[in-house]
1. Provide the per-residue ³J(HN,Hα) series for the range A:47-55, in order, calculated from phi with Karplus coefficients 6.51, -1.76, 1.60 and θ = phi - 60°, each as a whole number of Hz, with x at glycine and proline positions.
2. Between B and A, buried accessible area summed over both sides at probe 1.4 Å, in Å² to the nearest 100?
3. Please give the direction-averaged projected area of the C-alpha convex hull for the range A:92-167, in square nanometres with one decimal.
4. With a 1.4 Å probe and every protein chain left in place, work out the accessible area per residue of chain B in Å², rounded to a whole number.
5. What is the packing order of peptides B:42-50, B:8-16, taking the mean over residues of other C-beta atoms within 10 Å and listing the highest first?
6. Short version: ³J(HN,Hα) in whole Hz for each residue of the range A:107-114, in order, from phi by Karplus 6.51 cos²θ - 1.76 cosθ + 1.60 (θ = phi - 60°), x for Gly and Pro, what are they?
7. Roughly speaking, what is the centre-to-centre gap between the range A:122-141 and the range B:30-45 when only Cα atoms are used, to the nearest Å?
8. So what are the ³J(HN,Hα) numbers for the range B:166-171, from phi and the Karplus equation (6.51, -1.76, 1.60; θ = phi - 60°), rounded to whole Hz, Gly and Pro as x?
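The values are calculated or read from the model by the stated rules, or taken from the named source; none is laboratory data. Remember, predicted model here, so these are calculated numbers, not experimental data. Backbone-built Cβ (ideal geometry, glycine too); neighbour counts: all protein chains shown. Side chains included, ligands, DNA and RNA excluded: accessible areas come from the protein's heavy atoms. Shrake-Rupley method; radii C 1.70, N 1.55, O 1.52, S 1.80 Å.
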Amino acid sequence: MPRSIPWWLGGISMSLLFYFTFSVWGADRPIGASTGMSYIANMIFGLDPENYEYAAIVEQSGAWEGVMLVGAFFGGLFMSVFVTKTFHISFIPTLWKERKNKSIKSRMIWSFIAGFLLVFGARLAGGCNAGHILSGGSQLAVSGMIFAVVALGTGMITGRFFYKRKGE
Amino acid sequence: MLDRIANMFDIVAKGGHGSIWLVLFIGFVFGAIILYSRLNKFEKMAGFMIFEDTLVPRMAMTTVALSSIGFYFLVQSGYATFDVKPTILGGLIVGAILFGIGLVILGKCPSAFFVSVSEGRVDALVGVVGGMFGGLFFTLGYPWIKELLGTNLGKIRITDYFDGYGLIITLALSATLLITAYLLPTIDYKDPADDR
């Protein structure tokens, strides 16, 4: 088995999964992930829908995405253990070591901050890249296109200042 | 805690969007594709935004190009319905800015950091913990946050402005994305950590 698939095969497989999920034969809804993260957060911190307005808003779609993410975890685990054989405990990505630093502490602090911004930002925008860019873009949603341009533009500008340039 | 997890599965079982097994299966395949295409890697996602790798834009463009045509025909033939997110400008723009910063620093999106944890990446796990706090603060702050979100322009799609040209616009978008994905150069960041 090859240890990774090329971009075009990834794109084709992903859109086949999207057709299935979107149609009445599948789940009759688009794929999303960040509402699930928000749902799991409410679950862990014990914020129940009776007392918190937002917990009530994400009760239905959040639970769906929460279960979907449980499946995604095991899908990733299965592939990393049996197919790509890339499962190993690691702390710092290679490119981060090249462009930022080799400190585990620094990587962990930034990961925490970035994870916070990702979920908080996605909730503020009403979706993440799965919901807005992939599912939203495929439905020609105006919200998805605005999200894609602003998020990727900001990411490129931030990356320019946050990381060292190549070879520096 | 266990009863809350049971409740999550219960909501899905009664929700009418597929059985629990079906949703788990969709997730399983989703996670498997993300991992197998290496989309979950820092080098691919952050690498895209610092122009070190082109897997993410090429794969995303292919997915949107093919899905938009498929979705169009599924909806036309009555086998699916569009489910579009509302355009709430203030929240959308501020949220996208915060998301973009988080994306380039963590190098993973909210589905990929889950998948990365399953590969043994501790930094991804810390990202998930950070995300849990992001979710906590959002739910706690929602009564104030909702005042700041701005005008809701409704659930709008590009084709809403061009009545009767839905198919042409979909095909044009799809062709543009496919051609762009094809023409983008192959820049592949080879991570020596994967070859052990």
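1. Result, rounded to whole Hz: 8, 8, x, 5, 9, 10, 4, 5, 4.
2. Roughly 11700 Å².
3. 5.7 nm²
4. 43 Å²
5. Descending mean neighbour count gives B:42-50, B:8-16.
6. 4, 5, 4, 5, 4, 4, 4, 5
7. Centre-to-centre (Cα) distance: 18 Å.
8. x, 5, 4, 5, 4, 5
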